[in-house]
1. Considering each of H274, H296 in turn, give the residue that is more than 20 Å from V153 (Cβ to Cβ) and touching a His at 6+ places or on another chain (Cβ under 9 Å).
2. Filter segment 271-283 down to residues that are among the aliphatic types (A, V, I, L, M) and in contact with a strand residue (DSSP E or B) (Cβ under 6 Å, 6 or more places away or on another chain), then give me how many there are.
3. Which of the residues that make up segment 204-241 are more than 22 Å from A160 (Cβ to Cβ), open to solvent by 40 Å² or more (accessible area, probe 1.4 Å), without any contact (Cβ under 8 Å) to a residue 60 or more places away in the chain and part of a loop (DSSP other than H, G, I, E, B)?
4. Could you check, for segment 179-189, whether at least one of its residues is assigned to a loop (DSSP other than H, G, I, E, B), modelled with pLDDT under 95 and touching a His at 6+ places or on another chain (Cβ under 7 Å)?
5. Just wondering, is there one or more residues in segment 246-257 that are surrounded by fewer than 24 Cβ atoms within 10 Å (Cβ to Cβ) and out of contact with any Leu (no Cβ under 8 Å at 6 or more places or on another chain)?
6. Tell me, please, whether a residue that is within 20 Å of G23 (Cα to Cα), open to solvent by 10 Å² or more (accessible area, probe 1.4 Å), among the hydrophobic types (A, V, I, L, M, F, W, C) and part of a loop (DSSP other than H, G, I, E, B) can be found in segment 110-118.
7. Any residue in segment 108-119 that's under 20 Å from V85 (Cβ atoms) and touching a residue at least 12 places away in the same chain (Cβ under 8 Å): show its pairings with residues that are part of a loop (DSSP other than H, G, I, E, B) and among the acidic types (D, E) at Cβ separation under 9 Å, as long as the two are six or more apart or on different chains.
8. Out of everything in segment 271-298 that is aliphatic (A, V, I, L, M) and open to solvent by 10 Å² or more (accessible area, probe 1.4 Å), what residue ends up being farthest from V174 (Cα to Cα)?
Amino acid sequence: MAVDALTDVIGVRVGHATRTGDGWLTGTTVVLAPEGGAVAAVDVRGGGPGTKETDALDPRNLVQKVEAVVLTGGSAYGLDAASGVMGWLEEQGRGVRVGPDPAHVVPVVPAACVFDLGRGGDFRARPDAATGRAAVEAAAAGAVGAPVPEGCVGAGTGAAVGPLKGGVGTASAVLGSGVTVAALVVANAAGSAMDPETGVLYGELFQGRVSYPEAGVHEAARRRLAECAAKNGRPPLNTTLAVVATDADLSKAQAQKLAGTAHDGIARAVRPVHLLNDGDTVFALATGARPLDAEHPLALNEILAAGADLVARAIVRAVRAADSVDGPGGTWPSYEELYGSR
C-alpha cells in the first residue's frame, strides 16, 4: 500500500536521527538505496552549498551507483555525519569494490547540509559521525514501504523557512506508465513558503483550489510573525535540500536532468530561491526496477515533470507538519499554529 512518501519507490528506505534539548535542535536524515545501490545524480543551484562527494555523481565520472544519500543539519560541520554512514556501509560490504576481497569496498556517500547552527541555543551542538550512523541504522531497520516521519525530525529538526518553522516533507505519485516518482525535502530556506499578502502557501497555488485565511486570522498571524522576526534578529540562512527517487531505469545523465528539473518545484514553493546565501541542492536516485517505455517518447518527460510537482508538494507538507519552536536559539511559529489546517 502506498504511503505517499519516498519509500513508495520499492527498496528505498529513510531514517532520521533527531537531537533536541540541552542546546540541541538539529539532526540527520539518511536515504538508503536498495542493496546494490541506485543510479545517482545531483544538481546544485544555491550560491552557498555545503556538500560532500557530489563530484562523483557527474555523468562523466566513474561511480555509477551509490548506496545512500545524507541530508544533515549542522552546516558544513554536520557533513561529518556521512562518515558514520560510510562506516556502517563498509561493515555491510556495500560500496564500490576496490580489491579482490568482497570486503574491500569504498562507499560513496553524497551529502548536503542545511544551516541550523545555534537554533537550539548551543552553536557547537551539531551532527557528527555517530548521528549519521544512528540515522542509517534507523533506515535499515525500517520495513520496505514504511511511512516516513515528517516535520521537525532528522535534518529538518532545526529548519526554518523564512519566518516559519520548517522541516522534512515527502510525497509520491504513480504515473500512468506505472512508474513511481517520489520526493523528500528538508525545507530550510532564506526565502518564504508563504505569500505575505494572503497567508497562502505558494506551493498550494499549484495544487488546485486554494482556501484563503480569513482577514482577521491573517492579520493576527502577521503580527505574530513580526514579533518573532524582531526577537530573532537576523533572518534565517539557507537551504532547501531534496532527494527525488524513481523506480525507472535511468542513466546518470537522465537522473541529472531529473535533479535539475526538480528544482522547479522549489521555485514554485519558496520565494526567492537559489540566492547567494542558499545551498539549494537536489539529488536524484533511480533504482532501475522498471524500464522506460520505448514506445512512449514522452515517458521521461512525465518523470521530469512529476519530480518538480512532488518537490513542491513535499515542501508544503514539510511546512504543514512542522511544530513551533520557542527557545534560546530563536522563535519560529509553525504554519499550523498561525492558520490551522483550514
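1. Working: H296 fails: touching a His at 6+ places or on another chain (Cβ under 9 Å).
From the options H274, H296, the qualifying one is H274.
2. Residues of segment 271-283 among the aliphatic types (A, V, I, L, M): 273, 275-276, 282.
Remaining after also requiring in contact with a strand residue (DSSP E or B) (Cβ under 6 Å, 6 or more places away or on another chain): 282.
Total meeting the criteria: 1.
3. G208, R209, Y212, E214
4. Going through segment 179-189, the residues assigned to a loop (DSSP other than H, G, I, E, B) turn out to be 179, 188-189.
Applying the additional criterion that residues be modelled with pLDDT under 95 yields 189.
Now restrict to residues that are touching a His at 6+ places or on another chain (Cβ under 7 Å): none.
No, every residue in segment 179-189 fails to be assigned to a loop (DSSP other than H, G, I, E, B), modelled with pLDDT under 95 and touching a His at 6+ places or on another chain (Cβ under 7 Å).
5. yes
6. For segment 110-118, residues within 20 Å of G23 (Cα to Cα), open to solvent by 10 Å² or more (accessible area, probe 1.4 Å), among the hydrophobic types (A, V, I, L, M, F, W, C) and part of a loop (DSSP other than H, G, I, E, B): present.
7. From segment 108-119, the pairs are V108/E53; V108/E67; V109/E53; V109/E67; P110/E53; A111/E53.
8. If we filter segment 271-298 for residues that are aliphatic (A, V, I, L, M), which is where we start, we get 273, 275-276, 282, 284-286, 289, 292, 294, 298.
In the following step, the residues that additionally are open to solvent by 10 Å² or more (accessible area, probe 1.4 Å) were identified as 273, 275-276, 289, 292, 294, 298.
Details: V273: 28, L275: 32, L276: 35, A289: 14, L292: 14, A294: 18, L298: 15 Å.
Once the filter is applied, the top-ranked residue is L276.
The values are calculated or read from the model by the stated rules, or taken from the named source; none is laboratory data. Small disclaimer: the values here were computed from a predicted structure and weren't measured. Virtual Cβ from ideal backbone geometry, glycine too; neighbours counted across all protein chains shown. For the accessible areas, the whole protein counts, side chains as well, though only heavy atoms, and no ligand, DNA or RNA atoms are used. Shrake-Rupley method; radii C 1.70, N 1.55, O 1.52, S 1.80 Å.
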